[in-house]
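*Asks:* Pasting a structure below so you can have a look.
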Amino acid sequence: MLDFVMHWPLRLQADASRVVVRPFHIPIDSKRGQISRPRRIAEGVLAMDEACAARELATVFKDFEARHWQTRNVFLTRYAQMAGALQLDDDAIPEVKRQLIGAFFCHEYSYAAAAIMNPSIVRHPDQSGLSPGSSRIIMSLRTVGEGHISSIAFREGILSPGTRFELAPEPPFATAADSALELENGAIEVHRHKDSTLSGTVIFPMTAAQSKGLEDLRLVEFTHEDGSTEWLGTYTAYNGESIRSELIRTRDFRTFQLSPMGGPAARNKGMALFPRKIGGWYVMAGRQDGENLYLIRSRSLTHWGEGELLMAPKFPWEMVQIGNCGSPIELDEGWLLLTHGVGAMRKYSLGAVLLDKENPQKIIGRTPEPLISAAAEDREGYVPNVVYTCGALRHGDLLFMPYGVADSAVGFAFVPIRELVAAMV
């Protein structure tokens, strides 16, 4: 490994205490001749006298209200969803029973109990009030909970001059992004709760194509041709059987659009968008055949055809396969693209390649040795011998790189850019 990489001692670990209230889905349909389970539950609550319902609701609040934020409103929102499906008469049902019905159709979900991994990082839209040389950042994280379902969580923080950074404390309560609005072409729009911080927000799978996970978000601060800025990201939607690449976009990290991408390239995972158009084209780096890295161009952000071969495995540490590790970073010398390689015993390592700024199909140099390799404490975890990142950020003369460890935790490293470019061949 290259010896100029500086590792930060902080590690983020899986945390079973981070919980949110989510809908508990019970099929509405009933077997022939039988009352459906949701209707039986609702009718059971409606049959209670008000004192009994109040006691049952008080027990629920005793167990859960201190663990969640605005629990009563969450229960009422869930009741409204079930009332529509079961055709319940709101006017005839007191609020205590409405909240109790809502509680029966909710459950507590520990979204990061199994793992936290594969981060990406971008500059925060709000850079106000910082000292010179500092930068406010947003880090996305892949969190894994019950059923090995992946969701997207966020942490905010500040990078200070040199190799100093701190993460904002997580709020005591986490909330799920909600208010899913169906848009055209299978896209949806979700909203962060108006009173929730970004560090306390989780985006869960919401469509059939996403049902088993939103995996490995690669965020990038994208500058459009008119000079406006938008934060875009590609991720893998997984439904338990098939995958596809999808696009998330936001201008404020409060409202998010999640859109499926079409075309042959979108049937694969690991696509990373360049931070601006090149020669009038949107450009992606991605792996289309499971082992090589390709450059893909498109006139549209949501349709991606076949690409051109960019890189093939060359060194022993990447002999099995290579891929990108986040969106390219623009330097004076060219486009710096982080890569991952897989070697013997399926050991993952991180490397880098420098691409020509005007013609990114041209390789200027690549690292013959890994920046970071799975070793020592980086080897142990849910999937051993894996280090992986979904993006880094330029911070002065340094590269700040959070990275996943064994599909279980997140570590942090600073890399001097000058030394990194000099080490390429």
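*Asks:* So if I check each of S110, S36, S120, which one is within 24 Å of D195 (Cβ to Cβ) and open to solvent by less than 70 Å² (accessible area, probe 1.4 Å)?
*Replies:* Of S110, S36, S120, the one residue that is within 24 Å of D195 (Cβ to Cβ) and open to solvent by less than 70 Å² (accessible area, probe 1.4 Å) is S110.
For every residue, the table says whether it meets (1) modelled with pLDDT of 95 or more; (2) more than 30 Å from H148 (Cβ to Cβ).
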| site | (1), (2) |
| --- | --- |
| G351 | yes, no |
| P360 | yes, yes |
| L371 | yes, no |
| A376 | no, no |
| E380 | no, no |
| Y388 | yes, no |
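*Asks:* Which ranges mark the strands (runs of 3 or more DSSP E) fully within the stretch 238-307 that have 2 or more residues being surrounded by fewer than 21 Cβ atoms within 10 Å (Cβ to Cβ) and among the basic types (K, R)?
*Replies:* The qualifying strands (runs of 3 or more DSSP E) are 243-250.
*Asks:* Among the residues of the stretch 86-106, are any touching a strand residue (DSSP E or B) at 6+ places or on another chain (Cβ under 8 Å) and open to solvent by less than 50 Å² (accessible area, probe 1.4 Å)?
*Replies:* Yes.
*Asks:* Here's something else I'd like to know. Being farther than 18 Å from R251 by Cβ, open to solvent by 30 Å² or more (accessible area, probe 1.4 Å) and either part of a loop (DSSP other than H, G, I, E, B) or in contact with a Leu (Cβ under 6 Å, 6 or more places away or on another chain) (or both) is true for just one of P125, P169. Which residue is that?
*Replies:* Testing whether each residue is farther than 18 Å from R251 by Cβ, open to solvent by 30 Å² or more (accessible area, probe 1.4 Å) and either part of a loop (DSSP other than H, G, I, E, B) or in contact with a Leu (Cβ under 6 Å, 6 or more places away or on another chain) (or both) leaves just P169.
*Asks:* Now, a different point. Go through (1) under 20 Å from V320 (Cβ atoms); (2) surrounded by 15 or more Cβ atoms within 10 Å (Cβ to Cβ) one by one and return the number of the condition L355 breaks.
*Replies:* Single failed check for L355: (1).
*Asks:* May I ask you to list the residues in the stretch 170-227 that are over 22 Å from A266 (Cβ atoms) and β-branched (V, I, T)?
*Replies:* Selection gives T175, T197, T201, V202, T223.
*Asks:* Looking only at strands (runs of 3 or more DSSP E) that lie completely in the stretch 316-425, which have at least 2 residues being hydrophobic (A, V, I, L, M, F, W, C) and touching a residue at least 12 places away in the same chain (Cβ under 8 Å)?
*Replies:* Of the strands (runs of 3 or more DSSP E) lying wholly inside the stretch 316-425, those with at least 2 residues that are hydrophobic (A, V, I, L, M, F, W, C) and touching a residue at least 12 places away in the same chain (Cβ under 8 Å) span 335-342, 348-355, 363-366, 398-405, 409-416.
*Asks:* Which residue pairs have Cβ atoms closer than 7 Å, lie 6 or more positions apart in sequence or on different chains, and pair a first residue in the stretch 1-27 that is free of Cβ contacts under 8 Å to residues at least 24 places away in the same chain and within 28 Å of I203 (Cα to Cα) with a second residue that is open to solvent by less than 40 Å² (accessible area, probe 1.4 Å) and of a type in the set (D, E)?
*Replies:* Once the first residue is free of Cβ contacts under 8 Å to residues at least 24 places away in the same chain and within 28 Å of I203 (Cα to Cα) and sits in the stretch 1-27, no partner that is open to solvent by less than 40 Å² (accessible area, probe 1.4 Å) and of a type in the set (D, E) comes close enough.
*Asks:* Suppose the filter is assigned to a strand (DSSP E or B), of a type in the set (D, E, K, R), surrounded by fewer than 19 Cβ atoms within 10 Å (Cβ to Cβ) and free of Cβ contacts under 8 Å to residues at least 24 places away in the same chain; does E230 pass it?
*Replies:* yes
*Asks:* Six or more apart or on different chains, Cβ under 6 Å: which pairs go from a residue in the stretch 236-258 that's under 14 Å from S150 (Cβ atoms) and among the aromatic types (F, W, Y) to one that's modelled with pLDDT of 95 or more and open to solvent by less than 10 Å² (accessible area, probe 1.4 Å)? Could you list them?
*Replies:* Y238/G213
*Asks:* Additional query: Inspect all residues belonging to the stretch 327-345 and state whether any of them is acidic (D, E), surrounded by fewer than 24 Cβ atoms within 10 Å (Cβ to Cβ) and modelled with pLDDT under 95.
*Replies:* No, every residue in the stretch 327-345 fails to be acidic (D, E), surrounded by fewer than 24 Cβ atoms within 10 Å (Cβ to Cβ) and modelled with pLDDT under 95.
*Asks:* I'd like to check something: does the stretch 208-215 contain any residue that is open to solvent by less than 50 Å² (accessible area, probe 1.4 Å), of a type in the set (D, E, K, R) and not in a strand (DSSP E or B)?
*Replies:* There is no residue in the stretch 208-215 that is open to solvent by less than 50 Å² (accessible area, probe 1.4 Å), of a type in the set (D, E, K, R) and not in a strand (DSSP E or B).
The values are calculated or read from the model by the stated rules, or taken from the named source; none is laboratory data. Being a predicted model, the structure only gives us computed values, none of them experimental. Here the Cβ is made from the backbone with ideal geometry for all residues, glycine too, and neighbour counts use every protein chain on show. Ligands, DNA and RNA are stripped out before the accessible areas are found, and what is left, the full protein with its side chains, is counted by its heavy atoms. Shrake-Rupley method; radii C 1.70, N 1.55, O 1.52, S 1.80 Å.
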